[in-house]
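J.: This structure is in structure tokens; I'll ask about it shortly.
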Amino acid sequence: YTAVTATTNEIQLSPLQGSQHQMNQKGQPTFGFTVNWSFSDSVTVFTGPCFVDEKGKEVLRTMWLLRSRVDNMKDDWKATR
């Protein structure tokens, strides 16, 4: 699920696929995953490292790209956020 959306459609459970690269030399695995939003015409990809804070809590820090449907190739520039 997501707490944020650019559509007025009801938020629904959406499939997620991903992978994780095991620990690097600093003990920080990297990961990536893709969400195919079932309630809109868009897909988002996320990637980043997993940090462990001083209390042992895992924190994911991601960069992301969202790709939405556009009506034609001329509008392709505005399909990626």
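J.: Check off (1) open to solvent by less than 50 Å² (accessible area, probe 1.4 Å); (2) among the β-branched types (Val, Ile, Thr); (3) closer than 19 Å to ARG81 by Cα; (4) modelled with pLDDT of 80 or more for VAL43 and give me the number that stays unchecked.
T.: (1)
J.: Also: Please count how many residues of the range 60-81 are in a strand (DSSP E or B), surrounded by 10 or more Cβ atoms within 10 Å (Cβ to Cβ) and not small (Gly, Ala, Ser).
T.: 6
J.: Still on this structure, please answer the following. Would a scan of the range 12-23 turn up a residue that is at pLDDT 85 or above and in contact with a His (Cβ under 9 Å, 6 or more places away or on another chain)?
T.: Within the range 12-23 (the criterion being at pLDDT 85 or above and in contact with a His (Cβ under 9 Å, 6 or more places away or on another chain)), the answer is no, since none of the residues qualifies.
J.: Here's something else I'd like to know. Considering only the range 25-40, state which residues are open to solvent by less than 70 Å² (accessible area, probe 1.4 Å) and over 24 Å from SER14 (Cα atoms).
T.: Of everything in the range 25-40, those that are open to solvent by less than 70 Å² (accessible area, probe 1.4 Å) and over 24 Å from SER14 (Cα atoms) turn out to be GLY27, GLN28, PRO29.
J.: Same structure again: Mind checking which residues of the range 41-75 are in contact with a Phe, Trp or Tyr (Cβ under 8 Å, 6 or more places away or on another chain) and among the polar types (S, T, N, Q)?
T.: THR44, THR47, THR62
J.: Restricting the search to the range 48-81, which residues are in contact with a Lys or Arg (Cβ under 7 Å, 6 or more places away or on another chain), more than 19 Å from PHE33 (Cα to Cα) and of a type in the set (Val, Ile, Thr)?
T.: Result: VAL70, single match.
J.: Looking at the range 49-79, which of the residues that are under 10 Å from the mean Cα position of the chain (by Cα) and more than 22 Å from ASN9 (Cα to Cα) is modelled with the highest pLDDT? Spell out the reasoning first.
T.: So in the range 49-79, the residues under 10 Å from the mean Cα position of the chain (by Cα) come out as 62-66.
Within this subset, residues satisfying the condition of being more than 22 Å from ASN9 (Cα to Cα) are 62-63.
Details: THR62: 90, MET63: 93.
Across the range 49-79, the extreme among qualifying residues is MET63.
The values are calculated or read from the model by the stated rules, or taken from the named source; none is laboratory data. Quick caveat: nothing in here was measured; it's all calculated off a predicted structure. FYI the Cβ positions are ideal-geometry reconstructions off the backbone, even for glycines, and counts take in every protein chain you see. For the accessible areas, the whole protein counts, side chains as well, though only heavy atoms, and no ligand, DNA or RNA atoms are used. Shrake-Rupley method; radii C 1.70, N 1.55, O 1.52, S 1.80 Å.
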